[in-house]
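Structure record follows, encoded as structure tokens.
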């Protein structure tokens, strides 16, 4: 797999067209106080946010985890992460599945301060002056490699005054253009008591439903300059790059059923917008490349590679 074309590029930008697996309608993400996120582009094209950057980050992480075996997917075994166990020693959560990764309250707010003091010692004293982002990057690589791709904000005053943060190096979102509402509805039926109290769940309850049609595109952005800025060495840079491509490929191959009424599939080839000439690796190529890269980088990881935190309320 040739990454040389990426060495001096600031970004890897990827686009891929999607389409509903069946029919023409799809259900976008919605927000409690907003509903569907519709807007107009600069040329007045009707636009719609189908899946947000936050949700896509969660999906890219989730598809790296093997729920059945409670471990990384096979190609990623050996990467560092933080496992949280409860007072009985049973698995509770981990830094891969937690939305805020290493900043999860189950990791940093436990009454058992063993790990908190450990990471505080690794990060050193940075209460004043500039934050040493390269030291932060090395520490995150040691315990929670996902934070180097998906970003983190360690909002704890005892950790550099709550100033430790990295933006996403890998981000993605899905939007639709020429978006139009496909209005429909239905009725929750109650044949026993059609006129019962709806507030208690009885009776016939009619409802409306808005789905959409439009041209759907997924966008992915890998900040190669940010990854190089960590100054973690060529092997780690390659590992993070291939890991990011693996995550994109996993979502595109397995993770496009966003909701019950939003089941999508890839429509055509993956288009690399920048840099020109880069051949986007397929899933098999990334799965074959990752174990060797992980082995070359393992001296940067914690020992043991899985850090266990006891969560005590």
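The values are calculated or read from the model by the stated rules, or taken from the named source; none is laboratory data. All of these numbers come straight from a predicted model, not from anything done at the bench. Here Cβ is always computed from backbone atoms with ideal geometry, including for glycine, and neighbour counts include all displayed protein chains.
Numbers for the structure displayed
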read-out	value
Any strands (runs of 3 or more DSSP E) falling wholly within segment 120-207 and containing at least 3 residues that are surrounded by fewer than 16 Cβ atoms within 10 Å (Cβ to Cβ), touching a strand residue (DSSP E or B) at 6+ places or on another chain (Cβ under 6 Å) and without any contact (Cβ under 8 Å) to a residue 40 or more places away in the chain	170-188
So residue 220, is it within 21 Å of residue 49 (Cα to Cα), crowded, with 17+ Cβ neighbours inside 10 Å, modelled with pLDDT under 95 and under 18 Å from the mean Cα position of the chain (by Cα)	no
Strands (runs of 3 or more DSSP E) wholly inside segment 38-111 containing at least 2 residues that are touching a strand residue (DSSP E or B) at 6+ places or on another chain (Cβ under 9 Å) and loosely packed, with under 15 Cβ neighbours inside 10 Å	38-40
Check on residue 25, under 30 Å from residue 235 (Cα atoms) and touching a strand residue (DSSP E or B) at 6+ places or on another chain (Cβ under 9 Å)	no
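Conditions tested, residue by residue: (1) over 27 Å from residue 148 (Cβ atoms); (2) within 19 Å of the chain's Cα centre (by Cα).
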residue: 10; (1), (2): no, no
residue: 20; (1), (2): yes, no
residue: 36; (1), (2): yes, no
residue: 41; (1), (2): yes, no
residue: 48; (1), (2): yes, no
residue: 51; (1), (2): no, yes
residue: 57; (1), (2): no, yes
